[in-house]
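So the structure is just underneath, and the comments pick up after that.
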Amino acid sequence: MLDKGMDPFSIYDELFREGFEGGIDIGCTHDDLPHRSEILKPYPGILLAGAMGPWEAGARETGHSEPEQEFSRIKSLDDIAAELDVLKGNIQAFRPAFIGEIGLDYHWEYGTHEKQHLIFETQLRWAEDLGLAVLIHDRDADDDMVDAIRRLSPSKGGVIHCFDGCERLMQQALDRGFYISFAGNLTYRSNTQLRDMLRKVPTDRLLLETDSPYLAPVPMRGKPNCPAYVIHTYECAAQTLEMEMEALKELVASNFKTLISK
Ligand SMILES: [Zn+2]
């Protein structure tokens with residue numbers, strides 16, 4: 001959020017005023033744990049996650065694309081190993097509740113698939129060693145993700161965040177104890193398939209999330225997303241599941257509490 005010019009303190013203060021109970025602040029880069037842990041000190045209800053996402057595989061090395069500026073450098077395997085070391089030290093020092101986001105992104109094709117797998121699988125192994133759950137990002141990489149979860153998912157499971165995958169991925173993740181979390185793209189008119197997937201998630205494995213500053217839900221679509229907008233995602237999910245809003249809020253809050261107490 002910080003690099004989008006958003007002020008996390010006013011956002012969190014507003015959220016808690018609106019009755020927000022708690023959530024997870026997701027890690028983006030190998031070196032962001034010290035700073036985020038400082039910001040989150042006044043908000044014990046927001047749990048810390050830390051990780052190297054697939055974007056830290058560096059700039060795409062074949063063809064053309066425009067990865068986000070900050071990740072646009074090509075990285076060597078030595079660079080990646082050094083960054084994993086920094087992250088490991090930060091995880092030991094700041095003790096995040098989750099390792100995440102980690103995953104595969106074949107939409108932006110950061111680095112190479114080999115580098116993305118190295119980063120992802122290293123952290124899946126750490127999660128098992130440290131007894132932590134993981135937060136998984138998957139974009140257009142369902143086949144490899146199904147395989148990775150089958151081989152390496154940590155015993156604590158975790159969350160498939162911003163779920164936008166196929167039924168096979170959902171089933172594999174559920175079999176391995178994961179929660180399935182939907183974000184603002186659930187509300188996009190053309191995403192009927194995603195709403196169909198929502199109906200297939202067992203109610204005790206369902207989560208909803210903001211993915212702020214991305215994926216602002218309708219009617220805020222196109223604007224920088226802010227966590228309070230998640231209310232629109234709840235409204236869409238309640239309608240899709242034919243549930244009362246209050247019951248849905250209680251369900252998601254209870255699932256979240258179960259997840260964090262695992
Ligand atoms: Zn993500």
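Bear in mind that the values in this text are calculations on the coordinates, not laboratory data. Since this is a predicted model, take the numbers as computed values, not measurements. Methodologically, a virtual Cβ is constructed for each residue, glycine included, from the backbone with ideal geometry; neighbour enumeration extends over all protein chains shown.
For this structure, a couple of remarks:
- Under-5 Å amide H pairs with Ile74, H placed in peptide plane, nonlocal only: Ala59
- Between the amide H of Phe182 and those of Phe163, Leu207, Leu208, Glu209, distances stay under 5 Å, these residues lying 5 or more places away or on another chain, with hydrogens modeled in the peptide plane.
- When the alpha-carbon atoms of the range 65-151 are used, the pair Rg, Dmax equals 13.2, 37 angstrom.
- Mean Kyte hydropathy of -1.0 or more with a Cα span along the axis of at least 18 Å, helices from DSSP in the chain: 77-94, 113-130, 245-261
- Residues Ile119, Ile80, Ile26 arranged by fewest to most Cβ contacts within 10 Å: Ile80, Ile26, Ile119
- Cα-based equivalent ellipsoid of the chain: semi-axis lengths in Å, sorted from largest, via gyration tensor: 27, 21, 19
- For the range 27-41 versus the range 165-233, the gap between their alpha-carbon centres in whole angstrom: 25
- Amide hydrogen proximity for Tyr214: with H placed 1.01 Å from N in the peptide plane, the residues at 5 or more positions away or on another chain lying under 5 Å are Asn225.
- DSSP bridge orientation in the range 2-261 - percent antiparallel, rounded to nearest 5: 5
- Measuring against 26 Å, Cα to Cα, the residue pairs Lys200/Lys262; Lys41/Lys262; Lys41/Lys115 contain Lys41/Lys115 as the ones spanning a longer distance.
- The order of Lys41, Lys257, Lys156, Lys75, going from fewest to most other C-beta atoms within 10 Å of their C-beta, is Lys41, Lys257, Lys156, Lys75.
- Evaluated over the Cα positions of the range 131-178, the convex hull gives a direction-averaged projected area, one quarter of its surface, of 2.8 nm².
- The HN-Hα couplings worked out from phi for the range 35-49 by the Karplus form 6.51 cos²θ - 1.76 cosθ + 1.60 (θ = phi - 60°) are 5, 5, 5, 5, 4, 7, 3, x, 10, x, x, 9, 8, 8, 10 Hz, whole numbers, x standing for Gly and Pro.
- Computed [θ] at 222 nm, deg cm²/dmol, the chain (DSSP H ≥ 4; -39,500 (n - 2.57); rounded to nearest 500): -13000 deg cm²/dmol
- With the highest mean first, a sort of the peptides 250-256, 131-137, 88-94 on other beta-carbon atoms found within 10 angstrom per residue produces 131-137, 250-256, 88-94.
- Likely footprinting exposure, Phe20, Phe9, fewest C-beta neighbours within 10 Å first: Phe9, Phe20
- Diffusion coefficient (Stokes-Einstein, Kirkwood radius over C-alpha pairs, 10 °C, 1.306 mPa s) for the range 182-245: 137 µm²/s, rounded to a whole number.
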